[in-house]
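The values are calculated or read from the model by the stated rules, or taken from the named source; none is laboratory data. Because the structure is a prediction, the values reported are computed rather than measured. Counting neighbours? That spans all protein chains shown, and the Cβs are built from the backbone with ideal geometry, glycine included. Protein only, heavy atoms only, side chains kept; ligands, DNA and RNA dropped before computing areas. Shrake-Rupley method; radii C 1.70, N 1.55, O 1.52, S 1.80 Å.
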Amino acid sequence: MSDVAALHARQPSRVWAVVILILLEAALVISWSAGFVGIRFAIDHAPLFLILFWRSLVSGLLLLPFALTIGPKIRWKDAVPQMLFGALAMSGYLAGFALAISHGVPTGLVALITDMLPLAVAILSWPVLGQALTARQWLGSFIGLTGVLIASGWSLDVADVPLWAYGLPVLGTLSLALATLLQKRSAASAMPVHQSLAIQCLSAAAIFALFAWHEGGVLPVLDPGFVGGILWLVFVATFGAWSLYYLALKKSSPARVTAILYLSPPVTMIWAFVMFGEPLSLSMAFGLLVSLVGIVIVARARPAQGQSPAHA
């Protein structure tokens with residue numbers, strides 16, 4: 001009887017554990033999509049690089065006291081590589097997708113293109129790490145890119161967007177992929193995440209400051225929309241998304257968390273439709289499904305024999 005009672009007692013706890021995990025993953029997808037939506041909202045209230053500058057600066061300054069007091073002492077030889085990673089992973093990536101959105105590329109499509117990170121990592125792994133793509137990775141890359149072309153073809157017909165703007169999120173994703181691969185080769189990758197994130201945010205802020213100054217200045221805009229947008233980008237899209245990401249990794253497997261993040265493009269598309277009236281279409285939905293199939297194939301593909309994995 002005691003065993004039966006114990007079994008019945010464990011069942012509700014398991015159910016609650018599953019419910020909590022699902023809620024955690026839902027919050028992760030929403031917060032991950034918040035970066036794209038936050039940029040789309042904020043560009044209506046301030047110049048683009050001013051937004052990116054203050055997002056990076058506030059995030060870095062809030063993290064700095066923890067970076068200096070918690071964890072090992074930060075040495076210059078470890079900080080310098082993190083500055084490079086910040087230039088690539090934050091400046092290049094954020095500028096790429098934010099500029100695309102500011103030029104009118106649909107927000108959901110930008111989210112879909114930037115979700116091609118496993119493809120970009122696989123493609124760059126040969127010149128950076130000397131790892132050739134397997135047949136399965138080539139297949140997945142082809143399917144993923146085909147899906148992007150299907151999803152973007154409709155928007156190219158109806159939106160007044162310069163053709164080159166669609167390449168901006170591609171360049172941003174390649175920049176993030178390059179930073180990911182370089183970080184795998186660097187001994188500085190062992191630095192605690194709060195320290196590396198602080199350095200990367202501040203180095204990105206220094207770069208964005210130059211562009212913001214060229215746009216007209218670095219002083220914040222005294223506008224509720226600008227302030228609200230920065231707070232949203234800092235606490236929801238930066239701290240919220242990354243905190244939930246690492247919490248989800250503790251509660252679940254990396255493969256499951258990666259698969260969950262593939263839901264961010266459709267969530268972003270729906271969010272952009274509701275908030276900004278950006279159109280949806282069957283071709284975008286079909287292209288999204290095709291791309292996700294390609295991403296999953298690449299993400300689950302094993303590297304060639306004798307090579308180490310190239311995925312982040």
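The packing ranking, built from the mean of other Cβ atoms within 10 Å per residue, places the peptides 261-267, 215-221, 78-84 in the order 261-267, 78-84, 215-221, highest first.
Accessible area of THR114 (1.4 Å probe, protein heavy atoms only, ligands and nucleic acids ignored): about 10 Å². The accessible area of VAL161, taken with all protein chains in place and a 1.4 Å probe, comes to roughly 20 Å². Full extension of the chain segment joining VAL293 with LEU171 gains 41.7 nm, where the gain is 0.36 nm per residue of separation less the Cα-Cα distance.
Ordered by 1.4 Å accessible area with all protein chains kept, ILE20, ILE39 run largest first as ILE20, ILE39. Rounded to the nearest 10 square angstrom, TRP232 shows an accessible area of 90 square angstrom against a 1.4 Å probe. In plain terms, the chain from TRP164 to LYS251 could stretch by 27.2 nm, reckoned as 0.36 nm per residue minus the Cα-Cα distance.
Derived scalar couplings between HN and Hα for region 140-148 equal x, 4, 4, 5, x, 5, 4, x, 4 Hz in order, rounded to whole Hz, by the Karplus curve 6.51 cos²θ - 1.76 cosθ + 1.60 (θ = phi - 60°), x for Gly and Pro.
For the set ARG136, ARG14, ARG40, the ranking by accessible area, highest first and with no ligand, DNA or RNA atoms included, is ARG14, ARG136, ARG40 under a 1.4 Å probe. Computed extension length for ALA285-LEU68: 73.6 nm, one decimal, from 0.36 nm per residue of separation with the Cα-Cα distance subtracted.
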